[in-house]
Every structure is written in structure tokens, then in C-alpha cells.
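Just below is one structure, and these are the notes that go with it.
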Amino acid sequence: MIKINSTLFGKLSAQQFLQKYWQKKPLLIRDAFPNFKNFLNKEKLIALSCKEDIQSRLIRFQSRQWTLDVGPFKKHYLSQLTGHWTLLVQGLNYFLPEAESLLKTFHFIPHARLDDLMVSFAPDGGSVGPHFDSYDVFLLQGQGTRLWKISKQNDQTLIPNAPLRILKNFKSEEEWILNPGDMLYLPPKYAHHGIARGECMTYSIGFRAVSAEEITQAFLMFLQDHLHLTGRYTDPDLTLSKHPAEISQQMIVKIEKMIRKIKFNKNDIENFLGAYLSEPKANLIFDPPDPAMSEKEFFKLAIQHGIMLDLKSQILFTHKQFFINGESFTVHAQIKPYLKKLADEREIMLSLNTIQKIGFLLYEWYLNGYVRIKTWKK
Ligand code: SIN
Ligand code: CO
């Protein structure tokens, strides 16, 4: 069982939060993280936005115009910015252990829905404009204060030709000032506008919800690699035609029959979904150990310190199989509880007995850079 931070929603339990608010209505949680340790600051965030493998964006509002730049940035460029700007750095849980620990607070929501941690920095007045997101999001105030305005409005008209999606007619219905440790939950499509009051950092914990179009397109790609159709077009009944350039109705019908032989079942969906959801994002590259320790040394340290998933790794499972970073595998029933624990909690302590059972798998993953010896304290 995942332990839930009992203070996260104040008097509300995580179960009550899911019933009353999740995907339904916003919730402001004062002091959700009473002793929140802002593990980033302006300088650190700027340094992260200069890295090749980290996705970052800079949004500015100047002379009544919105502009969007995409990182990696140069440090001196960001350090001399003036006016109203916001730096957004995405996917920090793949790079910072403290970010992953923060996400663990949200493990009462399935990993298949959890997306990533984005952190923003803005000087006084900085904002990304009024907008709505397609995802559920928890907006946690990390440093300074931010004025949040929200609206249930149905009007989703956007400013034309802007480089980002800004609502043209935002009409605030509720407003709050958030202080460090306060958090605002917003369901998808809920209009919001955050404005920095003094220097401000906001942590966005986002949840993915694939669109029907996106998931279907991905499934069609998957099917392409897993199709085994036999037969070939034949036309022993061919007759003379007046127009050799015409595609005949007979041909269309025969091809339709062929294509309709595409079949898939729940198993195919399961195989596809596990691989799709556990697939690392395109910018993430694993870092295999170099030099790698021997199996014997690895087992010794694994028993001493435990094993954790690499920050970029994801294990998901269904009732039948497991998926690690886009690859599916099945294991003996005896091993399943250990792998489920590692998948749920992203770390596991190991006894000699456990190492004897799953050590071979863990060592292989260690060589791929998928797991590591647990090296930091929570
Ligand atoms: C921000 O942190 O400035 C923007 C986050 C959001 O509105 O989703
Ligand atoms: Co937003």
C-alpha cells in the first residue's frame, strides 16, 4: 500500500479528494506542504534550463505582445532579462531526486496518469497569461507569492496568432494569493491566470490524459508492427474495362475485405498500453554505469542499501505482465510481489533470499542504467 501524506489535503482524505474534486472542481489547499523545502532557486533553475536534455521555455509579455522561446538557453541571456517574463522548466523529476520525492506524495494517483514536475520562475508581474490546460494539475507555491485567478468559463476563444494558447476573454470568478506551501488543484480545461507577486516559483505537478486521437494513432503504429495478415489481391474474374485508368468498384470491395481482416483484442490493447505508457520521453537518455561493478559487488551493495529505479525509469504492470521503459516481460509468480513493490514505490530493500530470486533481472537493468543502488536518504 502507498502511504499517503495525511496532511496533504488538510482534513480531507485522499479518497475524499478523489471523490469530490478530482476531475470535477478546483480545490485550494492552504499549507498543503507546511514545511515545504524549496529545493530550487532562480540560479539553479536557470542552470537547469541551459542543459541540452532538459526541456525549457521562456514566455514574455512585452509591448502588449506574447513571445515564446524554447531552450536550452544561455545563462547570461536569462540573467539580464527585464520586464515580465516566466521561465518554465519541464520534467525535473527525471533529473532531481528531490523532485521525485515530491512526486511520491502524489502516488495515490496511478503512475499511468502521473506526468511530470514543471517548475517556473518569474519576477514580479511575470505570468504565462490566462489559459487552460488539458491536464489535471496541482500548482504548489514554492517561493514568494502568486495571485491566482480562476474561472469555470466555457469561452475558450484564444488570442489569434499568439505563440502560445492565451484566452482572449478571461473573466476571473475566484482569486487567491498563494504563499509557500499552499497548493491549488485544477481539473482539466479550468481557466486560470497566475501572476507573480515579487519573485515567485511555482511547482506544477501535472497528470497526463491522452487524447483519443493521440492514443489511437499510437495504437495504429503498434498494430503496424504486430500485424500478420495473409493473402494477396487476386482478380481471376477480371473483364475488359472501358477506362483503364478507373479503379473499379470490385477492386475497392476486395481491398475493403482485406483491410477489414485487421483484428485486435484486449490482449493487444494491454501489450500496447503498457509499452506506450512506460516508454521514456524522447529527450531522456539512460546512463549505463561506466565502469560497471561485478554482479557479486552489485548484489552485496543491493543488500546493504537497497535498489531504486533510475529517475528516468518507469515500471508499470497489469494482472499478467510487466513493462519497463517501453519493453514488456513476464516473470514467475514468485517474483511478482517484489517487482510490484519496486514499481509502486520506485525502491526496494532486498534480503539475500530476494536477491537470489530477482538479482539476475536487477543486474541486467543495472547494466542498462534502469536501476541503481540506493544512494541518497529520503
Ligand atoms: C506558471 O507556473 O507560471 C504557470 C503554470 C500554469 O499555469 O499551468
Ligand atoms: Co496552466
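Taking a ≥ b ≥ c as the square roots of the eigenvalues of the Cα gyration tensor of region 108-162, is the shape rounded (a/c under 1.5), prolate (a/b larger than b/c) or oblate?
Oblate is the answer for region 108-162, as a/c is 1.5 or above yet b/c matches or exceeds a/b.
Per residue, how large is the accessible surface of the chain? Use a 1.4 angstrom probe and give square angstrom.
Here the residues of the chain average 56 Å² of exposed surface.
Classify region 169-220 as rounded, prolate or oblate, taking a ≥ b ≥ c as the square roots of the eigenvalues of its Cα gyration tensor: rounded when a/c is under 1.5, otherwise prolate if a/b is larger than b/c and oblate if not.
Here region 169-220 falls in the prolate category.
Spin-label point model (7 Å from Cα, Cβ direction): what's the ASP31 to LYS11 distance in nm?
1.4
Ignoring any ligand, DNA or RNA, what whole percent of the accessible area of region 295-373 comes from carbon and sulfur when the probe is 1.4 angstrom?
Its accessible area is 53 percent carbon and sulfur atoms.
Determine how large the accessible area of SER49 is when every protein chain is in place; take a 1.4 Å probe and give Å² rounded to the nearest 10.
SER49 exposes around 0 Å² with every protein chain in place.
Using a 7 Å offset from the Cα along the Cα-to-Cβ direction at both ILE252 and ASP237, what is the distance between the two label points in nm, to one decimal?
Between ILE252 and ASP237, the simple spin-label model gives 1.6 nm.
Kindly identify region 14-207 as rounded, prolate or oblate by the Cα gyration tensor criterion: order the square roots of the eigenvalues as a ≥ b ≥ c, call it rounded if a/c is under 1.5, otherwise compare a/b with b/c, prolate if a/b is larger, else oblate.
Cα axes put region 14-207 in the oblate bin.
Leaving out ligands, DNA and RNA, what percent of the accessible area of region 54-162 is carbon and sulfur, probe 1.4 Å?
Percent of accessible area from carbon and sulfur atoms in region 54-162: 51.
So which of LYS312/LYS341; LYS296/LYS357; LYS37/LYS312 end up more than 19 Å apart by C-alpha? Present the calculation step by step, with values, prior to reporting the outcome.
Working: LYS312/LYS341 17 Å; LYS296/LYS357 14 Å; LYS37/LYS312 23 Å.
Beyond 19 Å between Cα atoms: LYS37/LYS312.
Rg and Dmax of region 19-73, using alpha carbons, in Å: what are they?
Taking only Cα atoms of region 19-73, I get Rg and Dmax of 16.9, 45 Å.
Treating only the Cβ of Lys, Arg, Asp and Glu as charged (+1, +1, -1, -1), what charge dipole size does the chain show about its Cα centre? Round to the nearest 20 debye.
Magnitude of the dipole: close to 780 debye.
Between the DSSP loop rule and a limit of at most 15 other Cβ atoms within 10 Å, which trypsin sites (Lys or Arg not before Pro) in region 204-275 are left?
Loop-located and lightly packed - ARG208, ARG232, LYS242, ARG260, LYS261, LYS263.
Of SER101, SER63, SER241, which has the most accessible area and how do the rest follow, probe 1.4 Å?
My answer, sorted largest first, is SER63, SER241, SER101.
Please give the FRET efficiency for ASN179 paired with LYS263, using the beta carbon to beta carbon distance and R0 = 56 Å, rounded to the nearest 0.05.
The computed FRET efficiency comes out at 0.50.
Given region 206-341 reduced to its alpha-carbon atoms as identical point scatterers, what log10 I(q)/I(0) does the Debye formula return at q = 0.11, 0.16, 0.22 Å⁻¹?
Here log10 of I(q) over I(0) equals -0.66, -1.03, -1.41.
Quote the Stokes-Einstein diffusion coefficient, in whole µm² s⁻¹, for region 216-274, based on the Kirkwood radius over alpha carbon pairs, a temperature of 20 °C and a viscosity of 1.002 mPa s. Spell out each step's value before the answer.
Details: Rh = 14.2 Å.
Diffusion coefficient, whole number: 151 µm²/s.
Anything over 29 Å Cα to Cα? Flag those among LYS20/LYS44; LYS11/LYS104; LYS281/LYS340; LYS25/LYS104; LYS20/LYS189; LYS261/LYS320, in the order listed.
LYS20/LYS44
In deg cm²/dmol, rounded to 500, what helix-only [θ] at 222 nm does the chain give when every DSSP H run of at least 4 residues adds -39500 (n - 2.57) and the total is split over its residues?
Estimated from H runs of four or more residues: -8500 deg cm²/dmol.
When Rg is the radius of gyration of the Cα atoms in the chain and Rh is its Kirkwood radius, what does Rg/Rh come to?
Result for the chain is an Rg/Rh of 1.06.
What are the principal axis extents of the Cα atoms in region 147-285, in Å, biggest first?
80, 36, 27
Compute the label zone of ILE215 within region 314-335: residues whose backbone N is under 20 Å from the point 7 Å along Cα-to-Cβ.
Zone members listed by number: 314-328.
Looking at region 223-289, which GluC sites (Glu not before Pro) are DSSP coil and have at most 13 other C-beta atoms within 10 Å of their C-beta?
GLU246
Give me the distance in nm between label points sitting 7 Å out from Cα along the Cα-to-Cβ direction at PHE329 and ARG208, one decimal.
2.1
Filter the chymotrypsin sites (Phe, Trp or Tyr not before Pro) in region 283-335 to those in DSSP coil with at most 15 other Cβ atoms within 10 Å of their Cβ, and list the result.
Filter output for region 283-335: PHE286.
Counting only the heavy atoms of the protein chains, how much of LEU352 is accessible to a 1.4 Å probe, in Å² to the nearest 10?
Taking all protein chains as shown, LEU352 has close to 110 Å².
Within the accessible area of region 216-274, what % is carbon and sulfur when the probe is 1.4 Å and the other protein chains stay in place?
Looking at region 216-274 in its full context, I get 60 percent from C and S.
Can you give me the C-alpha center-to-center distance between region 137-184 and region 237-276, rounded to a whole angstrom?
Measuring centre to centre over Cα atoms gives 48 Å.
Can you give me the solvent accessible area of ILE252 with a 1.4 Å probe, rounded to the nearest 10 Å²?
80
The values are calculated or read from the model by the stated rules, or taken from the named source; none is laboratory data. The structure presented is a predicted model; accordingly, all values stated were derived computationally and were not measured. We place every Cβ from the backbone using ideal geometry, glycine too, and count neighbours over all the protein chains shown. For the accessible areas, the whole protein counts, side chains as well, though only heavy atoms, and no ligand, DNA or RNA atoms are used. Shrake-Rupley method; radii C 1.70, N 1.55, O 1.52, S 1.80 Å.
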